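Q: Sharing a structure here in structure tokens format.
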Amino acid sequence: MQSVIEAESEQAVINKLLEMSYFPVSVQPENTYLDKQKSYFKKVSRKDLVIFTRQLSSLIESGVNILDSLRIVTNQTSNKYFKAVLSDVSAKIKDGKSLSESLALYDNIFSSLYASIIHSGEASGNLEKVIKGLAEFYEKDEEFRASLRASLTYPLFIAIVGVLTVAVLMGFVIPKLVGMFEDLGQTLPLPTKILINVSGFFTHYWWIIFAVIGLFIFSLQRAVRTA
């Protein structure tokens with residue numbers, strides 16, 4: 001006989017079944033909301049991680065135990081996927097796993113470095129100080145990223161305007177001037193010939209240029225996101 005029962009952990013399911021005079025042969029998690037969310041590439045932003053780490057640090061520093069701290073932070077989390085992850089982390093801790101082991105299962109959110117630092121805090125008995133240090137590090141890192149984005153916004157805007165201006169000149173203005181130069185019947189200087197040839201290449205093969213630019217931007221983004 002198979003059935004579905006809702007509980008916070010596998011042990012809680014077993015206890016409920018025993019109370020109902022059932023003796024479970026095996027207990028397996030159902031394909032829950034959390035499992036479905038993974039397939040849809042749901043993400044947890046860096047800002048969510050920073051807020052989580054700071055809230056967890058503040059609660060533990062105030063003397064609240066890990067499970068109660070996680071419960072409070074989970075209730076305050078607006079990201080549904082992250083909320084489900086934190087609920088599952090709490091369930092795994094209740095089943096006997098450590099905080100670092102539970103977090104390491106979600107390496108798409110908590111990096112190996114994050115989980116390792118938590119583990120070092122658990123092993124040394126300085127979990128409170130370690131999480132506080134993590135919170136300060138991630139906050140400073142987020143501030144740096146925000147200032148970097150702000151400082152690059154204007155140069156990026158200027159670069160885009162410049163590229164569009166050159167594209168309009170090469171694709172529309174220069175081709176119209178070529179006919180006028182040809183009507184003059186005079187030998188054109190070398191810089192003018194080069195400009196006309198570049199314009200001709202841009203007019204006929206503009207898609208190659210934009211493909212190369214798109215590939216460069218994509219490769220740059222991938223490189224920036226690596227560890």
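The values are calculated or read from the model by the stated rules, or taken from the named source; none is laboratory data. In this text, all values refer to a predicted model and were calculated from it rather than measured experimentally. Ideal geometry is used to build each Cβ from the backbone, glycine not excepted, and the neighbour counts take in all protein chains shown.
Q: Can you tell which of THR153, THR187 is among the polar types (S, T, N, Q) and assigned to a helix (DSSP H, G or I)? I'd like the intermediate steps shown before the answer.
A: Values: THR187 fails: assigned to a helix (DSSP H, G or I).
Only one candidate qualifies: THR153.
Q: Among (1) farther than 23 Å from ASN65 by Cα; (2) part of a helix (DSSP H, G or I); (3) of a type in the set (A, V, I, L, M), there is one condition ILE117 misses while meeting the rest; what is its number?
A: Failing condition for ILE117: (1).
Q: Here is a follow-up. Of the residues that sit in region 186-227 and are charged (D, E, K, R) and at pLDDT 75 or above, which one is nearest to GLY171 (Cα to Cα)?
A: Just the residues of region 186-227 that are charged (D, E, K, R), to begin with: 193, 222, 225.
When the remaining residues are screened for being at pLDDT 75 or above, the result is 193, 222.
Values: LYS193: 16, ARG222: 31 Å.
The residue in question is LYS193.
Q: Identify the residue in region 186-227 that is charged (D, E, K, R) and under 30 Å from the mean Cα position of the chain (by Cα) and, among all such residues, is farthest from LYS176 (Cα to Cα).
A: From region 186-227, those charged (D, E, K, R) are 193, 222, 225; that's our starting set.
Cutting the leftovers down to under 30 Å from the mean Cα position of the chain (by Cα) gives us 222, 225.
Details: ARG222: 40, ARG225: 44 Å.
By that ranking, first place goes to ARG225.
Q: List pairs: first in region 119-141 and without any contact (Cβ under 8 Å) to a residue 40 or more places away in the chain, second of a type outside the set (A, V, I, L, M), Cβ under 6 Å, 6+ apart or cross-chain?
A: HIS119/SER100; GLU122/SER98; GLU122/SER100; VAL130/GLY121
Q: Another question, then. For ALA150, are the conditions met, namely being among the aliphatic types (A, V, I, L, M) and either surrounded by 11 or more Cβ atoms within 10 Å (Cβ to Cβ) or at pLDDT below 75 (or both)? If you could, list the steps in order and put the result at the bottom.
A: On the way: among the aliphatic types (A, V, I, L, M): yes; either surrounded by 11 or more Cβ atoms within 10 Å (Cβ to Cβ) or at pLDDT below 75 (or both): no.
Taking the combined requirement at face value, the residue does not satisfy it.
Q: Given the residues ILE160, ILE131, ILE174, ILE194, which is the only one that is within 20 Å of GLU61 (Cβ to Cβ), of a type in the set (Val, Ile, Thr) and in a helix (DSSP H, G or I)? Break it down stepwise before answering.
A: On the way: ILE160 fails: within 20 Å of GLU61 (Cβ to Cβ); ILE174 fails: within 20 Å of GLU61 (Cβ to Cβ); ILE194 fails: within 20 Å of GLU61 (Cβ to Cβ).
Sole residue among the options that is within 20 Å of GLU61 (Cβ to Cβ), of a type in the set (Val, Ile, Thr) and in a helix (DSSP H, G or I): ILE131.
Q: Additional query: Would you tally the residues in region 91-146 being over 17 Å from the mean Cα position of the chain (by Cα) and charged (D, E, K, R)?
A: Total satisfying the criteria: 11.
Q: Pull out all pairs, ordered by first then second residue, where Cβ-Cβ is under 7 Å, the residues are six or more apart or on different chains, the first lies in region 207-219 and is within 16 Å of ILE160 (Cα to Cα), and the second is of a type in the set (D, E, K, R) and surrounded by fewer than 10 Cβ atoms within 10 Å (Cβ to Cβ).
A: The qualifying pairs do not exist here.
Q: Output the qualifying pairs, or none if there are none: Cβ atoms under 9 angstrom, residues six or more apart or on different chains, first residue in region 63-75 and part of a helix (DSSP H, G or I), second residue among the charged types (D, E, K, R).
A: From region 63-75, the pairs are LEU67/LYS94; THR74/LYS83; ASN75/LYS83.
Q: Specify the residue that is farthest from ILE131 (Cα to Cα); the eligible residues are those in region 55-73 that are among the hydroxyl-bearing types (Ser, Thr, Tyr) and crowded, with 18+ Cβ neighbours inside 10 Å. Can you show your working first?
A: Step one: filter region 55-73 for residues among the hydroxyl-bearing types (Ser, Thr, Tyr), giving 57-58, 62, 69.
With the extra rule that they be crowded, with 18+ Cβ neighbours inside 10 Å, the set shrinks to 57, 69.
On the way: SER57: 5, SER69: 12 Å.
The extreme case among them is SER69.
Q: Also, quick follow-up: Taking region 85-114 as the region of interest, how many residues are closer than 19 Å to ARG54 by Cα and part of a helix (DSSP H, G or I)?
A: Residues flagged as closer than 19 Å to ARG54 by Cα and part of a helix (DSSP H, G or I) within region 85-114 amount to 13.
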